[in-house]
Structures are given as C-alpha cells and as structure tokens.
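S.K.: Once you've had a glance at the structure underneath, I'll fire off some questions.
The values are calculated or read from the model by the stated rules, or taken from the named source; none is laboratory data. A quick note: this is a predicted structure, and the numbers were derived from the prediction, not measured. Note: ideal-geometry Cβ built from the backbone for every residue, glycine included; neighbour counts use all protein chains shown. These area figures cover heavy atoms from the full protein model, side chains too; ligands, DNA and RNA do not enter into them. Shrake-Rupley method; radii C 1.70, N 1.55, O 1.52, S 1.80 Å.
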Amino acid sequence: MPKEKITRGPFEIKDCALAAAATGHKAQNLKELRDSIESVMPGSIAYHFWAGKLRPRFDDPEFNNDFAAWSRHALHDKVLAERLGMIDPTSFDRLEDMKQELLDIIEERLDESEHIPWTSSDQQFHFITSQIVVFSSHRTIIDPKELVSLVPEMTSSSIFYHFIDARTRTFGHLDDFRAWLYGFEEKYRDLCDILSSLDPFFSTLPELRQQLSLIFTDYFGEKR
Amino acid sequence: MTSALDRYSEICGPDVIDQLRQLVAPLKGAKVIHVNSTRKGGGVAEILAKLVPLKRELGIDVSWEVIEGNADFFKCTKGFHNALQGNKVEIPRSLLENYENTNRNNAEGLRDRLEEADIVFIHDPQPAPLLKYCSNRKGKWFWRCHIDASKPYRPVWKYLRSFVAGYDASIFSLAAFAQPLPHIEYLIAPSIDPLSEKNLELDRSEVDSVVSNLGVDLERPVMTQVSRFDIFKDPVGVIQAYRLTKKFIPTLQLILAGGEAADDPEAMTVLDEVRTAANNDPDIHIMLLPPDAHRSINAIQRASDIVLQKSLKEGFGLTVTEAMWKGKPVIGGDTGGIRIQVVNHQTGFLVNTPEGAALRARYLLFHTELLQEMGEKARSFVRENFLLTRHLREYLTIMVSLLHGRGDRIELR
C-alpha cells in the first residue's frame, strides 16, 4: 500500500469498520503455526497484530498480538510468548519483513524445544483476515486547537483509524494526528513528542480516546 | 414519534447511530432479502425481527421471507442442525427428497423477488437450496450459518455443502465454526436487542409478580437455565448440578425454562427426559413457554441469582448474552460462543461438568458481593460488544465489502 505523505491542510475525520473473514488456516501446535504463518496472506498477519482493538475483549491486553497471547494461553509457552510479545509492528516497512521476524522467533523456539508445544483441538489458532471499510464522518478541522473538542466525540473505531491503522499507511508509521501536526513544521513538535510517547498497544480504544483528549486539553489549555 | 434508531441512540450513544447512517450511504436503495424458516421462536427469528426494520429505517429496501414446510421437512432440518453440531445423524433419502422438493416449491413463489434482489441472505440449512432454483439471480447471495459447524457429521455436511458452495459468501459466528468453502467466509457474532420485550428494563414489582405466579419463592435463591429443551443444552446436567449445589444450599430453587420453536420437533422428547430427571422435586420449576413469552423470560432472568447455560455444544448462546445484559454472571459450558462471552472470574465461569457448575454456583452464592460485581462487568461487556447496533454495523460492512470487491481497504467517498 502506498504510504501517505505528511501534508498541511484540513484534517478530515474518518471512521472505519472491519469486515472480518476466516482464512481456513489453523494451527494446533507450534509447527503448524509456523507453517500457516508462512503460507497465509500477509493481511492476516496484520489482522492479528492490529485488529484486536476492535474485537470483543474483556481482559487487559497483556500481549500486543494474538500470536503471543496464544503461545501463552494455549501452548503455555511463556518464553515464546514473551519474545513474540516484543515484536513492534511499527518497526517494519513491509508486512513480509514482520512475517519473517515471526518465523525467525518461532523457528528459534522450535530448535530449543525437545517436544513441539501442542494444545487441545478446541484451542486452535484460527487465522483471520479483514477488509477495512473507511468512510467520512463529514467533519473537518483546520486549527489543531479544535482537537480539544473533537477527540472526545470521536467513535472508538475512528480512534482506531486515526491512531492505530494510520501507522500502517503513513511515512514513519505515524498516527494521523502527528502526521498532520508535523505539517505545521516546528510549531507543534513538542505536542508530537508527547503523542509519540503514548503507547497504542496497552490501552483499550476508549482509554486511548481519553488519554488523547487529556493530552490535547492540557497542551492547548497551557498555550492559551 | 421517536424512531427505533433514536431509541437505540439513547442506549448506545448517538455516535454509534451516526456511524450506521454513514456506513449505509452506498447501500441506499439496494433491494435486500432475508430468508429463513420460522417467523417466531429461536434466535434467528428474534434477530431478524429487529434487524429488518432497522435496515429499513436506514434506507435499505429490505424484506424478510419465510419458507414453508411440512413436519417431515422440519424433521429433516432438525437432523441437519444436530449433524452440523457433530451428532451422527443418518437422514433417510425420502426426507432429503422432501427437503429439496420443499425448497423447489418455495422457490416458485419467491423466485422473481430473489432473482431481482441486490443482496440475499439465506439463514441456516433450511432454505439453502433456494440458490439452486434461482438461476437468473442478479445480486450477491450470502449463506448465514448460525450453527456451530466446527466438527460436523461429514456425510451430512457433504450433502449440504453442495448447496452452499455456490453462494458468493458465507457468514459464520466464529472462525472455529467455519468449514472450507470456495468463497469468502465472513465472521459476525450475533447480538441481542436491548429494547426487545426480552431485554428491556422491568419494574421490580413486575418481575416479582411474574416469578411468584410461576410458583417460585422470591425469598430463596434461584438458579436458572433458559433455553430450548435440546440435548445439546444439557438440561439433565443442569438438574445434576442443582442437586449437587442443594446439598450445601438446601433452600436453592431451579428454573428450567424453555421456549417452543416451530422448527424443533425433538423438544418434547427431551422435555420428557427432563421431567423424569426432576422426579417431582417441588423446587425444580420446569416451564415450557410459548414463543412469545419474552416478557416472562425477561422477568425470570432478572429474578435469578445465577444463570446457567451448561451447553455441550453451542452456536453462540444468546441466552448467555441476555442474562449478562441483566447483570447476571453466567456459569456456561466451555464451548462455542459461550467462550467469547464468559470470562472466568470476570463475567462468570466456564465449566465442563455438572460438578464444575455446582462448584461455581456454590462459590457465587457464598460470595454475594462478588456475584454483584461480576454481574455489573457482564452487563458492561455486552454493552460494548454484543448489542444489535454492532451486529447491524457488521452486516452493513460485509454488504459494502462484497459489493465493492476485494482488497484490504475500501475507501467510501
């Protein structure tokens, strides 16, 4: 996918919805997981890193991707879960590179293991993929100060689109807020630094909205 | 007059409804038809009764058709249902011929509308062969499977597969339920309607009145399972769990409430087994409720201290969602869609045996403050994930997805 460039102009608020689909690939042990990762379409790898935020979930996200969570909870392999949990999807320019990193870690673990870690048939890993449907909310802002009133009104899926999905489509894996604010050159660089410290993986979308709202309120409150 | 969408906006928030209005824009004017086999009874009919008017209010030209069949037709499709859930069911050739003839006859009356529709949703195996009899169809056809088909009885699946393989897409409730098919297989979890008679808020006085009229003592603890009298719901296992719990909590009462469904001829056989197992225990209340007893079910769930759904197989388990929406922790069978709703120690407990269910029931009835806390979490979880508005959004999304072709990303203008 072509990466979007930083541009200075109005900030258009968009929203999104995911159409999730089964791929037919599944794994019951670590070797099958490895083989499926190798053969499944790259979009499915992305889904299991990014889309968890939009799925029904209750627990605190202990791991930032489904592969790590499955290794921990189904295979009961804490070592592998910790290693997979540290993969940062924003550090890869291509999904193929991230896929290779996953394969390297799993193969290393297979080399270390005397027995292939296994789980029961009802705890299999099912590979899912998705299509993202993006639509306009028909709201546009021109002045960054408007973020103070805008962000609390954004839907969770709009937060997902602008703060998480953005990292897969912008140069430098930026969220859309920073991508827009950098267009004002040095003026909002300090605000961008604050935003860059907000880790998207360990909060739910409503929590992220609240944290973003606080950041913008504090920042523009102080500047007024 | 307040529209239905306005009423949902009060519960889910206006942003959720705005989102639906934006998502539906490319579908305005599209002709959509849903087809199933019963207008009353069972989760599918309940969902369609709500989804269809909402889609209409959003500007989609949508209708809901119900195919008709005789007793042998429903005997056959009940066999399909059990077989898809893994039961070894041999279906006689004569019943299969009747099944195909019934669909052919129904197609005669529906063909013009189905062939003209832009999008057709065929629900479950009952009307699946309709596609075969609509050779001039112009729209996209979805086969919506509401059943846990993760380990189907293969000969029956092989037979049904020949009817569903030709669809443009299928929809399953969970990835684990999907069977390999030569088209895209979407995933949509079901939902409940917070404004339906079965789920809307009731006054305490109404709850007390309904339940005491059923002979239940309001001063004593109640555990309940609401579901069809179906072997996969394990009502006899629930009675065993009740007896094990009652040894420690002698005042305990059990309600087993099941609705009748026009397409479920086996219910009476299972009901007889349940009555035998209950052995005239005055604290076991077995209720066979008519399909429209939604308000009574609502009251029963609200009056219960604990709700069980001890299924051995479960598609999704909407009764679990309903109970959680009413702030009840659920002790559920560790199977199917119950797993994505019941989170151990958070919204309830997953169990595998009557003994496991009894242990968790004792635990919750002993820790009443925890019971309350888990119930509140359960309600919040349903609000975020399993209300009708989320379900509708996903239906709209897959319709847009299929009409706009493949690719990872669709940008609507």
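S.K.: Restricted to the stretch A:37-50, and to residues that are away from every other protein chain (no Cβ under 11 Å) and crowded, with 16+ Cβ neighbours inside 10 Å, which residue is modelled with the lowest pLDDT? If you could, list the steps in order and put the result at the bottom.
M.R.: So the first thing to find is which residues in the stretch A:37-50 are away from every other protein chain (no Cβ under 11 Å), and the list is A:37-40, A:45, A:48-50.
Now narrow it down to the ones that are crowded, with 16+ Cβ neighbours inside 10 Å: A:37, A:40, A:45, A:48-50.
On the way: A:Ile37: 97, A:Val40: 95, A:Ile45: 94, A:His48: 94, A:Phe49: 90, A:Trp50: 85.
That would be A:Trp50.
S.K.: Could you please find all residues in the stretch B:27-57 being within 14 Å of another protein chain (Cβ to nearest Cβ) and modelled with pLDDT of 90 or more?
M.R.: The initial filter retains those residues of the stretch B:27-57 that are within 14 Å of another protein chain (Cβ to nearest Cβ), namely B:27-28.
Correct list: B:Leu27 only.
S.K.: Another one. Considering the stretch A:109-128 alone, what residues qualify as being crowded, with 17+ Cβ neighbours inside 10 Å and either within 8 Å of chain B (Cβ to nearest Cβ) or among the aromatic types (Phe, Trp, Tyr) (or both)? Full working, then the answer.
M.R.: Applying the first criterion (crowded, with 17+ Cβ neighbours inside 10 Å) to the stretch A:109-128 yields A:109, A:117, A:119, A:124-128.
Selection gives A:Gln124, A:Phe125, A:His126, A:Phe127, A:Ile128.
S.K.: What helices (runs of 4 or more DSSP H), lying completely within the stretch B:329-413, carry at least 3 residues that are of a type in the set (A, V, I, L, M, F, W, C) and either away from chain A (no Cβ under 12 Å) or under 17 Å from the mean Cα position of the chain (by Cα) (or both)? Talk me through it step by step, then tell me what you get.
M.R.: Numbers: elements: B:338-341, B:354-366, B:368-385, B:388-403.
Result: B:354-366, B:368-385.
S.K.: Further question on the same structure: Kindly establish whether B:Glu68 is within 21 Å of B:Pro291 (Cα to Cα), of a type in the set (Asp, Glu), crowded, with 18+ Cβ neighbours inside 10 Å and in contact (Cβ under 8 Å) with a residue 24 or more places away in the chain.
M.R.: On the way: within 21 Å of B:Pro291 (Cα to Cα): yes; of a type in the set (Asp, Glu): yes; crowded, with 18+ Cβ neighbours inside 10 Å: no; in contact (Cβ under 8 Å) with a residue 24 or more places away in the chain: yes.
No, not satisfied.
S.K.: For the stretch B:20-32, which positions are open to solvent by 10 Å² or more (accessible area, probe 1.4 Å) and out of contact with any Phe, Trp or Tyr (no Cβ under 7 Å at 6 or more places or on another chain)?
M.R.: Taking the stretch B:20-32 and keeping what is open to solvent by 10 Å² or more (accessible area, probe 1.4 Å), we get B:21-22, B:25-26, B:28-31.
Selection gives B:Arg21, B:Ala25, B:Pro26, B:Lys28, B:Gly29, B:Ala30, B:Lys31.
S.K.: Being within 27 Å of B:Pro26 (Cβ to Cβ), in contact with a Cys (Cβ under 9 Å, 6 or more places away or on another chain) and not acidic (Asp, Glu) narrows it down to one residue among A:Phe135, A:Phe177; which is it?
M.R.: On the way: A:Phe177 fails: within 27 Å of B:Pro26 (Cβ to Cβ).
From the options A:Phe135, A:Phe177, the qualifying one is A:Phe135.
S.K.: Follow-up question, since we're still on this one. Pull up the stretch A:185-209, narrow it to residues that are touching a residue at least 40 places away in the same chain (Cβ under 8 Å) and open to solvent by 30 Å² or more (accessible area, probe 1.4 Å), then point me to the one that is farthest from A:Pro144 (Cα to Cα).
M.R.: Here the answer is A:Phe202.
S.K.: Which number in (1) away from chain A (no Cβ under 11 Å); (2) free of Cβ contacts under 8 Å to residues at least 60 places away in the same chain; (3) surrounded by 15 or more Cβ atoms within 10 Å (Cβ to Cβ) marks the one condition that B:Asp6 misses?
M.R.: (3)
S.K.: Something else about it: Quick check on my filter: what residues within the stretch B:333-350 are without any contact (Cβ under 8 Å) to a residue 60 or more places away in the chain and within 22 Å of B:Ile231 (Cα to Cα)? Spell out the reasoning first.
M.R.: First, pick out the residues of the stretch B:333-350 that are without any contact (Cβ under 8 Å) to a residue 60 or more places away in the chain: B:334, B:338-339, B:341-350.
Answer for the stretch B:333-350, where residues must be without any contact (Cβ under 8 Å) to a residue 60 or more places away in the chain and within 22 Å of B:Ile231 (Cα to Cα): B:Asp334, B:Ile338, B:Arg339, B:Gln341, B:Val342, B:Phe349, B:Leu350.
S.K.: Hey, another quick one. Considering the stretch B:175-187 alone, what residues qualify as being within 8 Å of chain A (Cβ to nearest Cβ) and within 24 Å of B:His404 (Cα to Cα)? Working first, answer last.
M.R.: Initial filter on the stretch B:175-187 (within 8 Å of chain A (Cβ to nearest Cβ)): B:175-176, B:178, B:180, B:184-187.
Passing the criteria: B:Ala175, B:Ala178, B:Pro180, B:Ile184, B:Glu185, B:Tyr186, B:Leu187.
S.K.: Do we find that B:Ile249 is in a strand (DSSP E or B) and farther than 30 Å from B:Pro152 by Cβ in this structure? Give the derivation first.
M.R.: On the way: in a strand (DSSP E or B): no; farther than 30 Å from B:Pro152 by Cβ: yes.
Here the answer is no, as B:Ile249 does not meet what is asked.
S.K.: A further question follows. Taking the condition of being more than 7 Å from chain B (Cβ to nearest Cβ) and hydrophobic (A, V, I, L, M, F, W, C), how many residues in the stretch A:19-36 meet it? Walk me through it before giving the result.
M.R.: So in the stretch A:19-36, the residues more than 7 Å from chain B (Cβ to nearest Cβ) come out as A:23, A:25-36.
Then keep just the ones that are hydrophobic (A, V, I, L, M, F, W, C); that gives A:27, A:30, A:33.
Going through the stretch A:19-36 one residue at a time, the tally reaches 3.
S.K.: Among (1) in a helix (DSSP H, G or I); (2) closer than 30 Å to B:Lys198 by Cα; (3) open to solvent by less than 30 Å² (accessible area, probe 1.4 Å), which single condition is B:Ala107 missing?
M.R.: It fails just one condition, (2).
S.K.: I'm checking my understanding of the structure. Among residues of the stretch B:304-322 that are under 13 Å from the mean Cα position of the chain (by Cα) and not in a loop (DSSP other than H, G, I, E, B), which one is surrounded by the most Cβ atoms within 10 Å (Cβ to Cβ)?
M.R.: Taking the candidates together, the pick is B:Val320.
S.K.: For the stretch A:140-173, what are the residues that are closer than 18 Å to A:Asp93 by Cα and either free of Cβ contacts under 8 Å to residues at least 12 places away in the same chain or of a type in the set (Val, Ile, Thr) (or both)? Spell out how you get there, then give the answer.
M.R.: Residues of the stretch A:140-173 that are closer than 18 Å to A:Asp93 by Cα, as a first pass: A:163-173.
Passing the criteria: A:Ile164, A:Thr168, A:Thr170, A:Gly172.
S.K.: Among the residues of the stretch A:58-66, are any at pLDDT 95 or above and under 30 Å from B:Gly337 (Cβ atoms)?
M.R.: Pass one, the stretch A:58-66, residues at pLDDT 95 or above: none.
No, every residue in the stretch A:58-66 fails to be at pLDDT 95 or above and under 30 Å from B:Gly337 (Cβ atoms).
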